[in-house]
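The values are calculated or read from the model by the stated rules, or taken from the named source; none is laboratory data. For clarity, every value in this text was computed on a predicted model and none was experimentally measured. Please note: Cβ atoms are built from the backbone with ideal geometry, for glycine as well, and neighbour counts cover all protein chains shown. Just so you know, the surface numbers come from the protein's heavy atoms only, side chains and all, with ligands and any DNA or RNA stripped out. Shrake-Rupley method; radii C 1.70, N 1.55, O 1.52, S 1.80 Å.
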Amino acid sequence: MNRRLALLVLLLIPHALQAASREPVRAPHGMVSCVSPIASHIGADVLAKGGNAVDAAVAVGFALAVTWPSAGNLGGGGFMLVRTADGNAIALDYRERAPLAATRTMYVDANGKVIPKLSTQGYKAVGVPGTVAGLALAHKRWGKLPWKELIAPAQKLAADGFTINYMLAKSLAEKSSIEKMEPFADSKRIFLNNGKPYVMGDKLVQPELARVLARIATDPRDFYEGATAKQLVDDMRAHGGLVTAEDLRTYEPTLRTPLRTTYRGYEILTMPPPSSGGIALIEMLHMLEPYDLGAMGWHSSQHVHLMTEVMRRAFADRAQFLGDTDFVKVPVAALTSAAFAESRRKTIDPEHATPSATTGAGDPAPYESTQTTHFCVIDAQGNAVSNTYTLNDSYGAGVTATGLGFLLNDEMDDFSSAPGTPNYYGLIQGEANSIAPRKRPLSSMTPAIVLKDNKLAYALGSPGGPTIINTVLQLLVNVIDFKMNIAEAVSAPRIHHQWLPDELYWEPFDLQGDTRAALERMGHKLRAKAGFADSDTIGDAQMIGIDTNGTRMGAADTRRGGEAAGD
Ligand code: DON
């Protein structure tokens, strides 16, 4: 190949080159980072057309509902953190709510034992979806381009189809995905290709979803009061689901004040309850601040030990205290205070693991696969969006609303069905997170925005159930304490501890033999990260940053094949 041809080839595959390097993707004006390359580019196109970060986020949110069906959604919910260039920050909570007919004991039998799968598969697992209302409210408040224009790319992808890439084919062919969706006719037809799994290069065409998107483009209330609502409610009724017309009609997203803290001169903005993530993140950062982590050496036994000990404590507190603050009293101020963290930090032994049994009580539990997805956007003006949304685990309840072409969530499993019994993620949860009509289940989703000298520095987040909180923590420590660039921070191997089970998970090729031996001598119970996700990785982070000269930088995790795209 002559040199000119080689250069041409290089120019044609810039993203392949970016992914292989340890440099972020860079662009002068704006940046989008998400798990689906098609959706990232749709977002970047919206920015190039003059849309702002919220416009791009809305377009990405709808595009992911088409191209990343395991987590991108119309039938789920999430959290969006928005910081506008004038310095205002708002947390938009469009998390699902429990249906009006939900009861505290709806997932347990007469003996109080949790009925397997009832809260994770099928119609009874479904919470009232918030995504369409959430994206519509974001657009109404901050959007610049017409709503219809932001849905059009998703509509076209659904109607004309798109090419299934390696990661989507892999996800759809997973045993857990097949088990989840096979019992439901529309899911089996649309997402499992009627039992003949899709392979990379196949086309996924979703005409029913395209029709629903067309109606939402005309009026987002269609989802809650129109033809889509009616069809959804009929389907629910026919299959023993609880979501009623009244549930949909009365669903509303909630605007909240973000939690704020500082860490080594950076200001961190993150999600308040019903997320547990913000509180736990702040508690952990407070506990870590007195230590000179940067001097310890990245993933030295001392660094890993301290990270594990703060995770253990924050997750024990999460289990005890956290729930939807619209329903229960949560001591948010105390939990996020430096003094409380200091009282917890004092119990950390620098040389030995503290057994979780003496930190709190509960039972170990098995782990399974997980799905959610994060995207972040920054525009030319400096407006930023950090958004995590989900159906809960991969493909949610497995149910595709009949004739509507979109999957429904199983977010009800994030409640504590029975105190002391672990949920899907092995999380032990308390009374504060029990089920009640209209209540929102406690979440681990932790969208975050970071400022330096009052100016935007980073936006970040991840999926991964409880590992989300620890993933966000590690990204922050990687860039702030270890001075990694965002691509390095996102790709660096991660660890996870959630109090119970009392095990320290680590990703492949991370902790070396001598580090593991040192940690075991301290009393840590190490477990190679396997089985928590379908792959053996932790989370799937997306991060955006701003370079000193204002250049926008994006780093999509390669763990699930994401891509950042700039304008
Ligand atoms: O809100 C939560 O905490 C969970 N429903 C999130 C699930 C999740 O992140 C799965 N991800 N891979």
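Quick rundown of the values:
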quantity: Test: residue in region 218-226 that is without any contact (Cβ under 8 Å) to a residue 12 or more places away in the chain, out of contact with any Gly (no Cβ under 8 Å at 6 or more places or on another chain) and assigned to a strand (DSSP E or B); calculated: no
quantity: Enumerated helices (runs of 4 or more DSSP H) restricted to region 467-567, each holding at least 2 residues that are among the small types (Gly, Ala, Ser) and under 18 Å from the mean Cα position of the chain (by Cα); calculated: 486-491
quantity: Yes/no for residue 73 being at pLDDT 95 or above, more than 18 Å from residue 165 (Cβ to Cβ) and of a type outside the set (A, V, I, L, M); calculated: yes
quantity: Filter result for the condition that a residue is under 27 Å from residue 261 (Cβ atoms), open to solvent by 30 Å² or more (accessible area, probe 1.4 Å) and either at pLDDT below 95 or among the β-branched types (Val, Ile, Thr) (or both), over 548, 467; calculated: 548
quantity: Pairs with Cβ under 9 Å, 6+ apart, first in region 87-100 and over 17 Å from residue 323 (Cα atoms) and buried (at least 24 other Cβ atoms within 10 Å of the Cβ), second at pLDDT below 95 and among the small types (Gly, Ala, Ser); calculated: none
quantity: Pair list, Cβ under 9 Å, 6 or more apart: region 452-473 residue more than 26 Å from residue 84 (Cβ to Cβ), other residue more than 10 Å from the ligand (Cβ to nearest atom) and among the aromatic types (Phe, Trp, Tyr); calculated: 465/367; 466/315; 467/505; 470/315
quantity: Odd one out for residue 192 among (1) open to solvent by less than 30 Å² (accessible area, probe 1.4 Å); (2) closer than 22 Å to residue 559 by Cα; (3) not acidic (Asp, Glu); calculated: (2)
quantity: Residue list for region 440-456, filter: within 14 Å of the ligand (Cβ to nearest atom) and assigned to a loop (DSSP other than H, G, I, E, B); calculated: 440, 441, 442, 444, 445, 446, 447
quantity: Whichever residue in region 406-435 is more than 16 Å from the ligand (Cβ to nearest atom) and surrounded by fewer than 24 Cβ atoms within 10 Å (Cβ to Cβ) and, among such residues, is nearest to residue 154 (Cα to Cα); calculated: 434
quantity: Exclusive hit being part of a loop (DSSP other than H, G, I, E, B) and within 22 Å of residue 92 (Cα to Cα), set 426, 403, 396, 420; calculated: 396
